[in-house]
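Visitor: Sharing a structure, written as structure tokens. Questions coming.
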Amino acid sequence: MSHSHAIELNQVHKYYGEHHVLRGIDLNVEPGEVVSIIGGSGSGKSTLLRCINFLEEYSSGEILVKGQVIGYGSKPAGESYRLPEKVIRESLRDVCMVFQQFNLWPHMTVIDNVASPLRLVKGVSRPLAREKAMGQLERVGMAHKADAYPGQLSGGQQQRVAIARALTMEPSIMLFDEPTSALDPELVGEVLGVIRDLAQAGMTMVIVTHEMGFAARVSDRVVFLAEGLIEEQGAPEQLFQAPKSLRLQQFLASWNERQSGSSLPAGIAVAQEVEA
Ligand code: ADP
Ligand code: MG
């Protein structure tokens, strides 16, 4: 069998009505690779992730996960058609997504939140689902809150539970859409720590984030999206310390300013964080 990328996007376009949001994205993610996506608000970062997971239909081009086209089949004459939902979900069984808003069920305990998808989606028995859920809660440091309700947890704890819930599905690919944006600053670190551990364990990940220092430390590659196109991509040292595109330079400069209140040239503050 020929080598396949974990994720492959070929000339992916997405329109919302007239609004051309993704304008021809080519992107491959290799097994075990950690790719961070950065870019301004409205640049298409969430749309890109949602198309990979087929929470949104893409308008043209092709998205493959582990060599399998997501969402569409083609007829002998070449014309494409939308695959049945069941087939689509099956082809995405190795992919889990974690959102900014953790979407835990408020009326269920932590352990039931984490165990439920296993029971509902995979038909795993209740005792086994709970055992697996407990294992993942331990992994994210939340086993001690198994019987608590989400409302009794901090945002950071809730997000760790949401990550555990995704992990029980045993994905090999995780998509994160600004997993720390809804958190108070002091809670960001505990969630980033969990994601960093996943990276070290070899999980393939695409992470949309505004945490540049984190992106610099954890990523194999950083992709800068601007107006629905990949404006620049590369190793974090290159992208953060020697950005080529003017747009990326401006983006990093304004990020640095927001961080420090100073106006250091782009790259410097991030570079310091890389050292830390
Ligand atoms: P980002 O995550 O980079 O902030 P998004 O992917 O959420 O950007 O959005 C990209 C553009 O697409 C924005 O202009 C946004 O308003 C638009 N958009 C996003 N989702 C929808 C939708 N469901 N319907 C119409 N327009 C949308
Ligand atoms: Mg977004």
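Visitor: Quote the relative contact order of the chain in percent (integer), defining contacts as alpha-carbon pairs under 8 Å separated by 6+ residues.
Guide: With pairs under 8 Å counted, the relative contact order is 22 percent.
Visitor: Additional query: Mind putting together the pair-distance distribution for the stretch 94-243? All Cα pairs, 10 Å bins, whole percent per bin, short to long.
Guide: Whole-percent P(r) values from 0 Å outward: 11, 39, 32, 13, 4, 0.
Visitor: Considering the options 259, 238, 108, tell which one lies farthest towards the positive end of the dipole of the chain, charges being +1 on Lys and Arg and -1 on Asp and Glu at the Cβ, about the Cα centre.
Guide: Value: 108.
Visitor: Follow-up question, since we're still on this one. Which links in 45/244; 66/244; 14/86; 14/75; 45/66 stretch past 25 Å when you go from one Cα to the other? The partial results should precede the final answer.
Guide: On the way: 45/244 20 Å; 66/244 31 Å; 14/86 23 Å; 14/75 22 Å; 45/66 21 Å.
Pairs exceeding the cut-off: 66/244.
Visitor: If you average the sequence gap of Cα pairs under 8 Å that are 6 or more apart and divide by the length of the stretch 61-189, what percent do you get for the contact order? Kindly include the intermediate steps, with their values, before the conclusion.
Guide: Numbers: 163 pairs, mean separation 40.2, N = 129.
Over the stretch 61-189, the number comes to 31 percent.
Visitor: How large is Rg/Rh for the chain, to two decimals, with Cα atoms and a Kirkwood Rh?
Guide: Using only Cα positions, Rg/Rh for the chain is 0.98.
Visitor: Same structure, new question: What number comes out for the charge environment of residue 110, summing +1 per Lys or Arg and -1 per Asp or Glu over other residues with Cβ under 13 Å away?
Guide: Its environment carries a net charge of +1.
Visitor: What's the extension gain from residue 154 to residue 74 if we count 0.36 nm per residue and subtract their Cα-Cα distance? It would help to have the intermediate numbers written out before the result.
Guide: Values: separation 80, 0.36 × 80 = 28.80 nm, distance 4.68 nm.
Gain in length upon complete extension: 24.1 nm.
Visitor: What is the spread of the Cα atoms of the stretch 1-145 along each of their three principal axes, largest first, in whole Å?
Guide: Ordered largest first, the stretch 1-145 gives principal extents of 51, 39, 31 Å.
Visitor: State, in angstrom, two size descriptors of the stretch 73-153 derived from its alpha carbons: Rg to one decimal place and Dmax to the nearest whole number.
Guide: Calculated on Cα positions, Rg and Dmax stand at 17.2, 57 Å.
Visitor: Given Cβ point charges of +1 (Lys, Arg) and -1 (Asp, Glu) and nothing else, what value in debye, to the nearest 20, does the dipole of the stretch 51-98 about its Cα centre take?
Guide: Computed charge dipole of the stretch 51-98: roughly 160 debye.
Visitor: Could you give me the ³J(HN,Hα) list for the stretch 79-91, computed from phi with Karplus coefficients 6.51, -1.76, 1.60 and θ = phi - 60°, whole Hz, x at Gly and Pro?
Guide: Once θ is set to phi - 60°, the couplings for the stretch 79-91 become 6, 9, 9, 7, 6, x, 3, 4, 5, 4, 5, 5, 6 Hz.
Visitor: Treat the count of other C-beta atoms within 10 Å as a stand-in for reagent exposure and order 255, 105 from fewest to most.
Guide: Working: 255 18, 105 12.
Starting with the residue having the fewest Cβ neighbours, the order is 105, 255.
Visitor: Give me the lysines in straight-line cross-link reach of residue 145: C-alpha distance below 28 Å, same-chain residues under 8 apart excluded.
Guide: Excluding near neighbours in sequence, the set is 122, 132.
Visitor: Could you give the length gained on full extension between residue 57 and residue 41, defined as 0.36 nm per residue of separation minus the Cα-Cα distance, in nm? Mind showing how you got there, number by number?
Guide: Working: separation 16, 0.36 × 16 = 5.76 nm, distance 2.08 nm.
Full-extension gain reported as 3.7 nm.
Visitor: Something else: In whole angstrom, note down how far apart the Cα centers of the stretch 67-106 and the stretch 1-63 are.
Guide: 13
Visitor: Further question on the same structure: Let's see if you can work this out: charge +1 on each Lys and Arg Cβ, -1 on each Asp and Glu Cβ, no other charges. What is the dipole magnitude of the chain about its Cα centre, in debye to the nearest 20?
Guide: With only Lys, Arg, Asp and Glu charged at Cβ, the dipole is about 760 debye.
No value in this document is a laboratory result; all are computed from the given coordinates. Everything numeric in this text was worked out from a predicted model, so none of it was measured. So basically every Cβ, Gly included, is an ideal-geometry build from the backbone, and we count neighbours across all protein chains shown.
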